[in-house]
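Novice: Below is a structure I'd like to ask you about.
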Amino acid sequence: MIYVGCTGHQNLSLATRRDVAAAIAAVFVAIDDEELVGLSSLAAGADQLFAFAVLAAGGRLMAVIPSQDYEQAFQSEEPRATYLSLARLATSQTTLPFPAPSEDAFLAAGYEVADRCDILLAVWDGQGAAGKGGTADVVYYARAHGRDVRVIWPLGASRR
């Protein structure tokens with residue numbers, strides 16, 4: 001069994017989302033000898049792309065939910081509805097002990113994903129985190145703790 005986690009940007013252009021989805025699928029093809037377990041907070045953008053790819057590859061999805069009322073963190077209805085659908089498809093969920101969404105909760109969830117995975121896929125442009133708990137924070141933490149971090153940022157990728 002191999003545990004693959006995800007951290008990544010939320011605001012990705014349409015072309016970037018397509019390229020990232022293909023890159024994630026390619027990683028899963030390369031490790032298809034193992035039973036795949038994907039760990040994600042199911043955030044908009046990279047996390048949701050990752051979760052769909054895990055399910056499409058026949059893997060099990062483990063959701064790490066940053067807080068109670070996490071659905072309130074979503075800015076619009078589409079990613080909120082996608083989160084709720086993916087949460088229902090997850091084989092397990094861990095909800096962290098934060099009463100509401102916050103940067104501290106997001107950071108703790110990122111650390112939890114990094115701690116529990118063998119490989120961390122980082123959909124990351126290499127820039128510093130815009131706020132506490134961003135992709136860069138999780139990548140730095142995972143690297144400091146000896147995780148196999150694989151950055152996915154296809155040529156021409158962009159954030160919205």
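Novice: Residue by residue through the range 20-62, note down the ones that are of a type in the set (D, E, K, R), touching a residue at least 12 places away in the same chain (Cβ under 8 Å) and surrounded by fewer than 19 Cβ atoms within 10 Å (Cβ to Cβ).
Specialist: Within the range 20-62, Asp32, Glu34, Glu35, Arg60 qualify.
Novice: Of the residues Ile31, Ile24, Ile65, which is at pLDDT below 95 and either within 23 Å of Gly133 (Cβ to Cβ) or not charged (D, E, K, R) (or both)?
Specialist: Ile31
Novice: If we scan the range 69-80, do we find a residue that is in contact with a strand residue (DSSP E or B) (Cβ under 9 Å, 6 or more places away or on another chain) and at pLDDT 95 or above?
Specialist: For the range 69-80, residues in contact with a strand residue (DSSP E or B) (Cβ under 9 Å, 6 or more places away or on another chain) and at pLDDT 95 or above: present.
Novice: Let me ask you something else. Checking the structure you have, find out if any residue of the range 106-128 is surrounded by 14 or more Cβ atoms within 10 Å (Cβ to Cβ), farther than 14 Å from Leu39 by Cα and small (Gly, Ala, Ser).
Specialist: No, because not a single residue in the range 106-128 is surrounded by 14 or more Cβ atoms within 10 Å (Cβ to Cβ), farther than 14 Å from Leu39 by Cα and small (Gly, Ala, Ser).
Novice: Tell me yes or no: at least one residue of the range 122-130 is in contact (Cβ under 8 Å) with a residue 24 or more places away in the chain, closer than 17 Å to Val64 by Cβ and among the acidic types (Asp, Glu).
Specialist: Checked against the condition, which is being in contact (Cβ under 8 Å) with a residue 24 or more places away in the chain, closer than 17 Å to Val64 by Cβ and among the acidic types (Asp, Glu), the range 122-130 yields no hits at all.
Novice: Separate question: Hey, among Ala81, Ala44, Ala63, which residue is part of a loop (DSSP other than H, G, I, E, B) and either touching a Pro at 6+ places or on another chain (Cβ under 7 Å) or of a type outside the set (D, E, K, R) (or both)?
Specialist: Result of the check over Ala81, Ala44, Ala63: Ala44.
Novice: Let me ask something else about it. For the range 1-59, which residues satisfy the criterion of being charged (D, E, K, R) and over 20 Å from Gly126 (Cβ atoms)?
Specialist: The answer is Arg18, Asp32, Asp33, Glu34, Glu35.
Novice: Looking for something of a type in the set (Ser, Thr, Tyr), in a loop (DSSP other than H, G, I, E, B) and touching a Gly at 6+ places or on another chain (Cβ under 9 Å) - is there at least one such residue anywhere in the range 90-110?
Specialist: yes
Novice: Take the residues in the range 63-81 that are surrounded by fewer than 17 Cβ atoms within 10 Å (Cβ to Cβ) and in contact (Cβ under 8 Å) with a residue 24 or more places away in the chain, then tell me which one is farthest from Tyr111 (Cα to Cα).
Specialist: This residue is Gln75.
The values are calculated or read from the model by the stated rules, or taken from the named source; none is laboratory data. Just so you know, these numbers come straight off a predicted model, no measurement behind them. For neighbour counting, all protein chains shown are included, and Cβ atoms are generated from backbone atoms with ideal geometry for every residue, glycine included.
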